[in-house]
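Colleague: Next up is a structure, given as structure tokens.
The values are calculated or read from the model by the stated rules, or taken from the named source; none is laboratory data. Just so you know, these numbers come straight off a predicted model, no measurement behind them. Every residue, glycine among them, receives a Cβ derived from its backbone with ideal geometry; neighbour counts consider all protein chains shown.
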Amino acid sequence: MMSLRIAPGSKVRLARFDPADTSAFGGTKAQALRDSQRHLQRLNQLQELLYACHADPVLVILQALDTGGKDGTIRHVFQGLNPQSVKVARFRVPTPIELDHDFLWRVHSEVPGKGEIAIFNRSQYEDVLVPRVRHLVPKTVWTRRYRSINEFERTLALAGTTILKFFLHISSGEQRRRLQERLDDPTKHWKFSPADLEERSRWPLYTPAIEEMLERTSTPWAPWYLVPSDKKWFRNWAVGRILVDALEARQFQWPSLPPGTKVTRIP
């Protein structure tokens, strides 16, 4: 899935990436759905192996504009996994206590421990996007945060954490369709907020902010994957495939019996 990976140091222009592009799969939707089911089964096995080995953890970061599909990705890609060793952290507007600390304070407490998979629904990257677009802090503040984030993630990586970051890229037209669906469907009214429309009006401001975020924080130890997400089936397939490939590359081995075990048959 190298075609979706943002190479460190590369320039990113979102206009060059079609949010509806599914060519990285190269098959039909039906084939992708079957593939995604295999990803689920394999991920279930790999998660159990990760937990059994008490192995170095995995951190999955999901970023997107409103309606980009973070919740849907979590629901589909990670369904069926054992909640004993998977946790989801959702970062909302900072609380007064969180604002009294450095911007990474609330994030660090949510990183996974050995044997765990943690999923960040939004993340530390909110702190180089929202404050910039809304002019909440001076430029000197949010620009320093790129280095802090890179060093934070490098610290995690040096400790053994596998970090996979996904930006779910949707088009303005697809966002409009999804927001309208929330208005039209009574079962989705709870998802709608007038603030979504306010944020949508800032789309032209978010674009350069996202581009710089991807450029300055896609590193060898914590790469960004730019996932075309207008097609939900492709989004789920791509994230699942990348995650399975990353875990398989670690080549876990099942733990042996405890030392000194001589029993071969249970009486």
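Colleague: Tell me the residue from ARG147, ARG177 that is among the basic types (Lys, Arg), within 30 Å of ALA20 (Cβ to Cβ) and without any contact (Cβ under 8 Å) to a residue 40 or more places away in the chain, please. Steps first, please.
Modeller: On the way: ARG147 fails: within 30 Å of ALA20 (Cβ to Cβ).
Exactly one residue qualifies, and that residue is ARG177.
Colleague: Which one is nearest to ALA20 (Cα to Cα), of the residues in the range 53-103 that are assigned to a helix (DSSP H, G or I) and without any contact (Cβ under 8 Å) to a residue 12 or more places away in the chain? Steps first, please.
Modeller: From the range 53-103, those assigned to a helix (DSSP H, G or I) are 53, 70-77, 83-85, 96-99; that's our starting set.
So of that shortlist, the ones also without any contact (Cβ under 8 Å) to a residue 12 or more places away in the chain come out as 75, 83, 96-99.
Working: ARG75: 21, PRO83: 32, PRO96: 39, ILE97: 40, GLU98: 37, LEU99: 37 Å.
Step by step, filter the range 53-103, then rank; the result is ARG75.
Colleague: Can you pull out every residue in the range 233-267 that is part of a loop (DSSP other than H, G, I, E, B) and within 30 Å of ASP21 (Cα to Cα)? Show your work before the answer.
Modeller: Of the residues in the range 233-267, the ones part of a loop (DSSP other than H, G, I, E, B) are 249-267.
Matches in the range 233-267: ALA249, ARG250.
Colleague: For the range 1-51, how many residues are under 18 Å from the mean Cα position of the chain (by Cα), small (Gly, Ala, Ser), assigned to a helix (DSSP H, G or I) and surrounded by 12 or more Cβ atoms within 10 Å (Cβ to Cβ)?
Modeller: Final tally of qualifying residues: 1.
Colleague: Counting only residues that are surrounded by fewer than 19 Cβ atoms within 10 Å (Cβ to Cβ) and touching a strand residue (DSSP E or B) at 6+ places or on another chain (Cβ under 7 Å), which one in the range 112-123 is farthest from ALA89 (Cα to Cα)?
Modeller: Checking each candidate, the answer is ARG122.
Colleague: Taking ASP196 as meeting all but one of (1) farther than 30 Å from ARG42 by Cβ; (2) in contact with a helix residue (DSSP H, G or I) (Cβ under 9 Å, 6 or more places away or on another chain); (3) modelled with pLDDT of 95 or more; (4) acidic (Asp, Glu), write down the number of the exception.
Modeller: Of the numbered conditions (1) farther than 30 Å from ARG42 by Cβ; (2) in contact with a helix residue (DSSP H, G or I) (Cβ under 9 Å, 6 or more places away or on another chain); (3) modelled with pLDDT of 95 or more; (4) acidic (Asp, Glu), the odd one out for ASP196 is (3).
Colleague: If you take just the helices (runs of 4 or more DSSP H) that sit entirely in the range 124-213, which of them hold at least 3 residues that are surrounded by fewer than 16 Cβ atoms within 10 Å (Cβ to Cβ) and not hydroxyl-bearing (Ser, Thr, Tyr)?
Modeller: Details: elements: 130-133, 139-158, 172-184, 194-200.
Output list reads 139-158, 172-184, 194-200.
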